[in-house]
Ligand SMILES: [Zn+2]
Ligand SMILES: [Zn+2]
């Protein structure tokens, strides 16, 4: 099995229900759709995705990513930011926000 540096990403995903964004072939019919347990930042521009336990295992085995944390209520929601220090997502208006946090990009599907 080859290891790609980064996961190939497809279309933007509606993650309002926090479902896994694994989608082989980038077809909505192949969307995993299981409730996600992990949030993955694929790169430093915060391309990100959500994964269930089996697909997190796939991501760990095959792809590079910059950070991951357990899905919380803020994950992949509009207007949130990735908090690397505290391993979670936050709304930037949160007074606990430390220093500068990049705004989170819209989640995209992982296609392989
Ligand atoms: Zn999945
Ligand atoms: Zn998150």
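Overview of values
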item: Residues satisfying the stated conditions in segment 33-67, i.e. away from ligand 1 (no atom under 14 Å from the Cβ), in a strand (DSSP E or B) and without any contact (Cβ under 8 Å) to a residue 40 or more places away in the chain; result: 67
item: Residue within segment 71-85 that is modelled with pLDDT of 90 or more, away from ligand 2 (no atom under 15 Å from the Cβ) and not in a helix (DSSP H, G or I) present; result: no
item: Residue check, residue 53 under 16 Å from residue 5 (Cα atoms), surrounded by fewer than 20 Cβ atoms within 10 Å (Cβ to Cβ) and at pLDDT 95 or above; result: no
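The values are calculated or read from the model by the stated rules, or taken from the named source; none is laboratory data. As the structure is a prediction and not an experimental result, all values here were calculated from the model. All Cβ positions, even for glycine, are placed from backbone atoms using ideal geometry, and neighbour counts span all protein chains on display.
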